[in-house]
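Below is one structure, written out as structure tokens; the observations come after it.
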Amino acid sequence: MKNNKKTQLSPLAIAVLALLAEEPMHPYRMQALIKERGKDDVINVRQRTNIYQTIDRLLRDGYIAVSETLREEGRPDRTVYAITALGRKGLKGRILEILSTSTQEFPEFPAAVSFLALLTVEEVQQQLEKREAALFEQLNDMDAKLQTYKDTVPRLFMLEVEYQRTVLFAELEWVRSVAKDIRMGSLVWDGDWLRDIETKDEG
């Protein structure tokens, strides 16, 4: 029975279809290429089972089809997949949709920030300073990557790294500013202040 429900293509599904748009290949090759091209910074391929689950969904919905099965003595059979016309259409449509539409996402960090009042000022400052150091390290790694590929990889294929760096830098600046405000005493709270706020809200 054909599934008429529109397939929602995840970042990993987009990557799989994009690779198959180049040529038919098996899952191991897909994972290897995503890593070789540095796309694992934006696409989670740590677990190969995720790739197989994504392939199963794409196969079920007619976005890909089995091209052939490779059999080599002493090795398990490897299934090679190819993109279908429906898959090409769905891939292009999903990329256009993502590029043009701003959707609300729910990352962990803003959620934690919304409950800072449950922690002490000292605890928040300590953790933000740790995050600041980690973000600074990530930023340096990203700058090194951009510098390494600057003269060998066309900018078109590094745009996602540029975007990540911009977002990362903005987060680093914000974390620094909040940590500084806490250190300078312009952003503080305690139990009495919080109870006073609650009393005003109730009133």
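Computed from the coordinates by the stated procedures, all read-outs in this text should not be read as laboratory data. Keep in mind that this is a model prediction, so the values were computed, not measured. A quick note on method: Cβ atoms are made from the backbone with ideal geometry, for glycine too, and the neighbour counts reach across all protein chains shown.
Considering only Leu187, Leu33, Leu20, the Gaussian network model of the chain with Cα springs below 10 Å gives its largest mean-square fluctuation to Leu187. Beyond 31 Å, the tail of the calculated P(r) for the chain holds 42 percent of the Cα pairs.
Taking amide H as placed 1.01 Å from N in the peptide plane, Val80 has its amide H under 5 Å from the amide H of Ser67, Glu68, Thr69, Leu70, each at least 5 places away in sequence or on another chain. Restricting attention to the chain, the count of lysine pairs at 8 or more positions apart or across chains with alpha carbons under 26 Å apart stands at 17. Under the membrane-span-like helix rule (DSSP H runs whose alpha carbons stretch at least 15 Å along the helix axis, mean Kyte-Doolittle hydropathy 0.5 or higher), the chain yields 11-22. Excluding Phe109 itself, what net charge comes from residues whose Cβ is under 10 Å from its Cβ, given Lys and Arg +1 and Asp and Glu -1? Result for the neighbourhood of Phe109: -1.
Summing charges over neighbours of Gln31, with a neighbour being any other residue whose Cβ is under 11 Å away from its Cβ, gives +3 when K and R count +1 and D and E count -1. Could you work out the local net charge near Leu135, counting Lys and Arg as +1, Asp and Glu as -1, over the other residues with Cβ closer than 14 Å to its Cβ? Here the count lands on -3.
Could you pull out the longest piece of the chain with no exposed loop GluC sites (Glu not before Pro) in it, calling a site exposed if DSSP puts it outside H, G, I, E, B and it has at most 16 other Cβ atoms within 10 Å? Answer from the scan: 106-203.
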